[in-house]
Structure formats: structure tokens, C-alpha cells
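Note sheet for the following structure.
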Amino acid sequence: MNESGTRSANGVGISAFASYVPAYEVDLADWCEWRGDSWEKVNQVVGTSFRMRSHDENAYTMAATAVLRLIDRHQLDPARIGFLALGTESSTDNSAGAIIVKGMVNDALKARGSAPIARSCEVPEFKHACLGGIYALKAAARYLALDGADRLAVVVSSDVAEYEKNTSGEVTQGAGAVAMLVEANARIATIDLGRAGSASDYRGVDFRKPFLRFMQQQPTALAQPRDFPVFNGKYSTTCYVDEVLAALRETFQRIDGNPADFLRAQGAVFLHRPYLRMAETGLAVSYLLALALGNETDYDELAGYAAEAEVDVEALVQELSTEQELNHPERIADDSYPLATRAARSLRGHRVFQALLTPLGTQAVGQVGNLYTASLPLWLAAGLEQAAAEGRELSGKSLLTIGYGSGDAAEVIPLTLVSGWEKAAAQSGVTEALADAVTLNHENYERLHNGQPVVALASPSVQRFVIDRVGQRNGAADDHGIEYYRLASC
């Protein structure tokens, strides 16, 4: 037990990453021409491009590809895997989940004469918008800390982020999967559950995916639904800020020392990133909260940002420190953090914020778009891979990860890099996963967005799982709608 009275998963943590992103890429400069949008604004707020799944891919196929890569790249013994968790909000089956991923991977392993993942392996699926993968990571750490210490745990986050054309969300699409190896003696970073912070509150109209959306859809050739969410952009940003602040308040209560010093001491801070500016906003308000809860020197620093933003510092402290009631559908246009928003804009121009804003991995994740549950894991993997390549000395340094899922919930999880982390981090494979992108023209973008195959383009050359066919039998051997998969060779 630690000082907070919480069981610590000492030594349990992340040992490896493997990623898969589809080859098909939409250049956002091209997209801006198609839509008549501002490339300068989109580049500053969102990124440079996003990926789209092929018509024969879904969350399960991408997850299985990432898991098989994890096993192969890091020479894992599949028989030791006792926990395989899937985090996704893009399921196409309301019964099965991670077991589908296990089935695909085991078929591939058996086909090459290798041992499969253990029959005794647990296979849960976690769903809570973009936070499902982080919940899965916490569950894996708890599994290893309690009854699975001699086993391996694999957490895979996989999602398809797609929005209707000509909506504000269209520019923030993406697709991909990240698998993480979690074990008792972490080779990259340990997970500190004793100082983790959690928050959740119901937001009825923030971002939802009711089944009613599917009822009038015509199925694609492989019966994949168009998973366009119901969302409210400004309200979603407010909910993101509110939930991150609530989770951080709990973490700040669990740490020893000053919240602002705690944030400044981090080797890097990685947040859920649906797009660049959202993560920057989350980091800015996080630092403002730390100052509001800090000492006299911190208060003076906060007062300086408040003065620049022309807001009252006492009112700002009150706004940051008070839980907000946001579940009012008729008031979704309200700005519940007007003072913090203005102070955050002021803070962004200061050197202290630039020091908090890690450059690690940002160029890589700016190429893939929003990956929902996989957004934070990919940024973490890309950042550590870059840090290893640049020879950064981070052993023993703390990293802060802040996950968020609409609806609403947030998790703050501190990590600590272990000695020798560079070797495993260098093998994360993010750079390799991003290689050989196939840029889509306008016609093929429209086709993929409608669930149709691209034309006059070769299929992706990497080894990946795909949907082979969809069952159509009824009666005693009913398999109507069941997806069947295969491993597509290079």
C-alpha cells in the first residue's frame, strides 16, 4: 500500500508498442482545396493529413494486425499472454469483441506452425468513447498486480473516426490501432496507479453514436456501417476541459508537493488528441489549475496571465477549482470556462508553456488524424520512439498521460521511465507504420468515405488482416452478417 492507501502496481508497466495505420492518406492541403477551407488554419489547429481504412478493414482487423506485429517484433511467447483487452468505440458486433482479435491472431500463428495465444487468456472489450483503451490499460495493470504476475497482458486500442462530409468534424477523421505489451517488470515505463486521477459525469448530447443512425443505411459490399457520430463541437470542447480538470484535481490530491512543480517536472505530458489544438488547450488549462492550487509564487504567476487576459484572478481561481454542472442540453452553447479560456490563450505565448508542450511525436501524430482510443497510445509511442532516436536522457523521469472519452470521463495516469527504456522504445515501429502512405485524390476519398473500394490504386502492400466476406446464410446454419477474416499477404 502507498501513502494514499491505494495498492501500487510496483514494477508493472509498458514494455513494448506496435502500431498499424491504414495506407490510404488524405493530405489536408488537398482536402482544403476540395472543401474551400483555409489550409493555414487547418494546419495550425489540426495537422497535416489523416488516414482512412480500406473498404475491407474495420476496428477488429486493424487491432489484430497491431497485435500480430507486437508478437512478431518483440518475439513474444503467445502462450504467456493471459490478458488481451480491446479498447474501441467502433465495434461491429454487439456480442463478441477482443475474442475476434484473438481468433484472427491465433489463425495466423497456427498457419505458420507457432503456438497460439493461451486458451486461458481473458478477452474483455472496453468501451467508453476515446477512453476505452486507457481503461483497458488500467485493467491490465491491475490484472498483473493481483493474479497475473507471471503472465503477459496485451492492450490494443483500435478505432475508425469518420464524420459526415461538410461538417466541422470531417477534417478530424482518422483510423488506426496501437498494441501495448504490459508486464510485471516493465521495460519502458512503470504505471503509477497510486497517483492516478479519475473523473466521470454524464453528458447526454456531447458526442454519441446511437444505433438509430444505422437504420436507414444501405450496407456496403462488406456490410460496414458508416459510423458518423452525433456531436456538438463547442460543447465537446467544454466537456473535455471540464473532465480533464476534474481528474487532475484528484491526482493533485494524491501527490506529494506542489501541483505546479509536479507538472513542470514531467519529462513530457501526453493528452488525448483528437486534433492538435484540443491537446494544447487541455495542457494550458491543466497548468492554470496547478497554479491555482499552488503556493504564493504560483498565484503571482497565475495573476500575471490573468492580467494579460484582462480577467479577475480570484474569479479565475474559483472557476478552475469548482466542479461545473454541464448536463443541460438546452445550454450547450454556453461557455462554462470563459475566464480559463482567455487566460489559456495568454499562457500559450509564454516560454513556460512551450516548455510543457512536448515536441516529441507531434509531427508523427499530425499525419494520422483522430484515432479515438488509439490517439493517446500512438502519441506516447511516437514520442518515446523519437526520444530514443534523439538520445534523450529520460531514465527515471516521469511522464504524465491524460486520457479522455466523450460522454464523459477522464483518466490521469503518471508513468516513470525505467533504466534502459530506450532499447524497447526504439522498436515501437511508429515511423515504419507511417511509411509508404498512398495519397488519395478527391474521387477516391469520396469512394472510401462511402465505403466503396478505391479505383486505379494498388492494394496496400503491408501484411494486414482484412474482411474476406460476410455471412449470408439463414436457418439452422445461420451466419447472416457474421464477418470472416483472412491475413492478406504482402
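No value in this document is a laboratory result; all are computed from the given coordinates. Note that this is a predicted model, so its numbers are computed, not measured. Reconstructed Cβ throughout: ideal geometry from the backbone, glycine too, with neighbour counts over all protein chains shown.
Numbers at a glance
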| quantity | calculated |
| --- | --- |
| Helix axis angle, 338-347 relative to the chain longest principal axis, alpha carbon, degrees | 90 degrees |
| Helix-only mean residue ellipticity at 222 nm for the chain, each DSSP H run of n ≥ 4 adding -39500 (n - 2.57), per residue, nearest 500 | -11000 deg cm²/dmol |
| Pairs beyond 28 Å (Cα-Cα), from K102/K209; K209/K397; K138/K209 | K209/K397 |
| Segments 417-426, 388-397, 48-57 sorted - mean Cβ within 10 Å per residue, highest first | 48-57, 417-426, 388-397 |
| Peptide ranges 377-385, 169-177 listed from the most packed, as the mean C-beta count within 10 angstrom indicates | 377-385, 169-177 |
| Tensor-based shape of region 72-230 (alpha-carbon gyration tensor, a/c under 1.5 rounded, otherwise prolate or oblate) | oblate |
| Relative contact order computed over region 403-490 (Cα-Cα under 8 Å; 6+ residues apart), in percent | 17 percent |
| Helix 132-146 axis, angle to the chain major axis (alpha carbon atoms, nearest 10°) | 90 degrees |
| Estimated FRET transfer efficiency (R486, E164; beta-carbon r; R0 22 Å; 0.05) | 0.10 |
| Option label - semi-axes √(5λ) of the Cα gyration tensor in Å computed here, alternatives (1) 35, 27, 21; (2) 47, 29, 19; (3) 42, 28, 19 | (1) |
| Shape metrics for region 339-483, restricted to C-alpha atoms - Rg then Dmax, Å | 21.2, 68 |
| Cα-based reach from K110 at 16 Å (exclusive), listing aspartates and glutamates while leaving out same-chain residues under 8 positions away | D72, D77 |
| Under the Karplus curve 6.51 cos²θ - 1.76 cosθ + 1.60, θ = phi - 60°, whole-Hz ³J(HN,Hα) for region 433-444, x wherever Gly or Pro sits | 5, 7, 6, 6, 5, 10, 6, 8, 7, 4, 4, 6 |
| Label zone at R80 (point 7 Å along Cα-to-Cβ), backbone N below 16 Å, region 416-431 | 424 |
| Sites Q216 and S321, calculated FRET efficiency, Cβ-Cβ separation with R0 56 Å, nearest 0.05 | 0.75 |
| Sorted peptide list for 347-358, 290-301, criterion being average Cβ within 10 angstrom, highest first | 290-301, 347-358 |
| Computed FRET value (nearest 0.05) for A355 with K41, which takes r as the C-beta separation and R₀ as 22 Å | 0.30 |
| Percent RCO, i.e. relative contact order, over the chain, from Cα pairs under 8 Å lying at least 6 residues apart | 24 percent |
| Region 64-72 - phi-based ³J(HN,Hα) in whole Hz, Karplus 6.51/-1.76/1.60, Gly and Pro as x | 5, 4, 5, 5, 4, 4, 4, 4, 6 |
| Inter-site label distance for Q427 and L146 at 7 Å from Cα along Cβ, in nm | 3.0 nm |
| Charge dipole of the chain about the Cα centre (unit charges at C-beta), most positive-ward option of L289, S321, L384 | L384 |
| Unit charges at the beta carbon, dipole of the chain: most positive-side option, A303, T358, A175 | A175 |
| Furthest towards positive pole of dipole, Y135, A111, I99, structure part the chain, Cβ charges | A111 |
| Region 404-416 - phi-based ³J(HN,Hα) in whole Hz, Karplus 6.51/-1.76/1.60, Gly and Pro as x | 8, x, 4, x, 8, 7, 9, 9, 10, 10, x, 10, 10 |
| Eligible aspartates and glutamates near K234 by straight Cα distance, threshold 12 Å, same-chain separation 8 or greater | D206, D334, D335 |
| Dipole magnitude (debye, nearest 20) for the chain, charges at Cβ of Lys, Arg, Asp, Glu | 1480 debye |
| Relative contact order (%) - criterion: Cα under 8 Å, at least six apart; region: region 233-367 | 32 percent |
| With Cα atoms, 0 to 90° folded angle of helix 276-292 axis to the chain main axis | 30 degrees |
| Sequence-distant residues sharing a close amide H with Y485 (under 5 Å, placed H) | D468 |
